[in-house]
Structure formats: structure tokens, C-alpha cells
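I have placed the structure first, in the form of C-alpha cells, so that the comments after it can refer back to it.
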Amino acid sequence: MRFLVFTFTIFNFLTMTSQKSVHEFEIKTIDGTTQALSAFKGKKMLFVNTASECGFTSQYEALQNVHNKYGNDLVIIGFPANNFGGQEPGSNSDIKTFCSKNYGVSFLMANKTSVKGKDIDPLFKWLNNQENQSFVGDIMWNFEKYLIDENGHLIKRFRSSTRPDSDKIISLL
């Protein structure tokens, strides 16, 4: 049994470290379809872990505005997550309805995703360990942001308080 656990751990480590870009990952969309991130080669991407009942939820509006303005060159993907304070309790359908009704969200939304903890999604496990201009490690709260370059490499991370329409992010687009 120990050998199996050790082998599984080594496999997970090698799989996680062997990824070279986000283009090697696929996500499930909020509608349940599979989306290869390789489809976005040549565009920058902004990943945001979102929540409908958070003090930062109003950032959906700014995300939509950035999508409207820069959508030809920037792909925004919201990743609803219930990892912090149970602030995303709804189903994918509930989340989609909330985002559309309250913020007119038309940018890509992933299905509900774990961004921290034992059940962390492999994409976020990989992202959290990538060297970048800011910091590495676990997400601290909802609405943290990951800016990805055209080649699928992490440029910079931003904490929740950095709005998606801030000069800190816009200047890097």
C-alpha cells in the first residue's frame, strides 16, 4: 500500500511539474462542455476565482467592462469557487443566472472549481506554484487574479483588492 501511495504521489508531482503552459490544460465550462485552453494561444488570459456572495462580487461588473473593451486580445475566465466562507453556495445554473442577471456577464465562466485545499483543481495547483512577477502559493480569498501571456505562461498574480480594471492589470495587456 505504501508503494502505491508513493507511486501516486510521484506521478502527481511529475504531472504537475511537467506542464509547461496553461495551454496544456482543459476546463469544464459552466455549461458542462470541455474547453481546451490551447484554443486561446496568441491571446492573454485573465483567470479570476469568483464568488456570488463576497464583498468583492461587484468586480464582476469591472470584469465585464474589461471583457467588452479588450475581448479581442484578452480572454477572461471566471472560476466560481466555494473555498472561502461558503460564499459560492449555488449550483452552476444558479451562478450563471446570477452573473447574467446582475452583471450581464458574457465572458467565459468555468464550472464550480476548487481553487484551494485537498481537492484543488490541477490547473490551480499548477498556477499557484508558477514563478511570476508577484508571488507564489495558495490563493488567500475570492477574486484573486492570474494574468497569463500569449504563450500560456503566468505573468503576474493579483490579490482580491486589485480591481480587474486597475492600471496594474490594464498596463500589462
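The values are calculated or read from the model by the stated rules, or taken from the named source; none is laboratory data. This one's a predicted model, so the numbers in the text were calculated from it and none came from an experiment. Every residue, glycine as well, gets a Cβ built from its backbone with ideal geometry; the counts of neighbours run over all protein chains shown.
Only one residue in GLY32, GLY117 is assigned to a loop (DSSP other than H, G, I, E, B), on the phi > 0 side of the Ramachandran plot and touching a residue at least 40 places away in the same chain (Cβ under 8 Å). Which one? Break it down into steps so the answer makes sense when it comes.
Details: GLY117 fails: touching a residue at least 40 places away in the same chain (Cβ under 8 Å).
Testing whether each residue is assigned to a loop (DSSP other than H, G, I, E, B), on the phi > 0 side of the Ramachandran plot and touching a residue at least 40 places away in the same chain (Cβ under 8 Å) leaves just GLY32.
Going by the structure shown, is GLN133 assigned to a loop (DSSP other than H, G, I, E, B), polar (S, T, N, Q) and at pLDDT 95 or above? Break it down stepwise before answering.
Numbers: assigned to a loop (DSSP other than H, G, I, E, B): yes; polar (S, T, N, Q): yes; at pLDDT 95 or above: no.
So GLN133 does not fit the description; no.
Which of the following residues is surrounded by fewer than 21 Cβ atoms within 10 Å (Cβ to Cβ), closer than 18 Å to THR50 by Cβ and of a type outside the set (D, E, K, R): ILE139, ILE155, ILE120, ILE148?
Values: ILE139 fails: surrounded by fewer than 21 Cβ atoms within 10 Å (Cβ to Cβ); ILE155 fails: closer than 18 Å to THR50 by Cβ; ILE148 fails: surrounded by fewer than 21 Cβ atoms within 10 Å (Cβ to Cβ).
After applying the criteria, what remains is ILE120.
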query = Which of the residues spanning segment 58-105 are assigned to a helix (DSSP H, G or I), within 22 Å of PHE40 (Cβ to Cβ) and either touching a residue at least 60 places away in the same chain (Cβ under 8 Å) or of a type in the set (Lys, Arg) (or both)?
reply = GLN59, ALA62, LEU63, ASN65, VAL66, LYS69, TYR70, ASN92, ILE95, LYS96
key: Filtered residue count, segment 24-51, keeping only those that are surrounded by 15 or more Cβ atoms within 10 Å (Cβ to Cβ) and either of a type in the set (D, E, K, R) or in contact with a Cys (Cβ under 6 Å, 6 or more places away or on another chain) (or both)   = 3
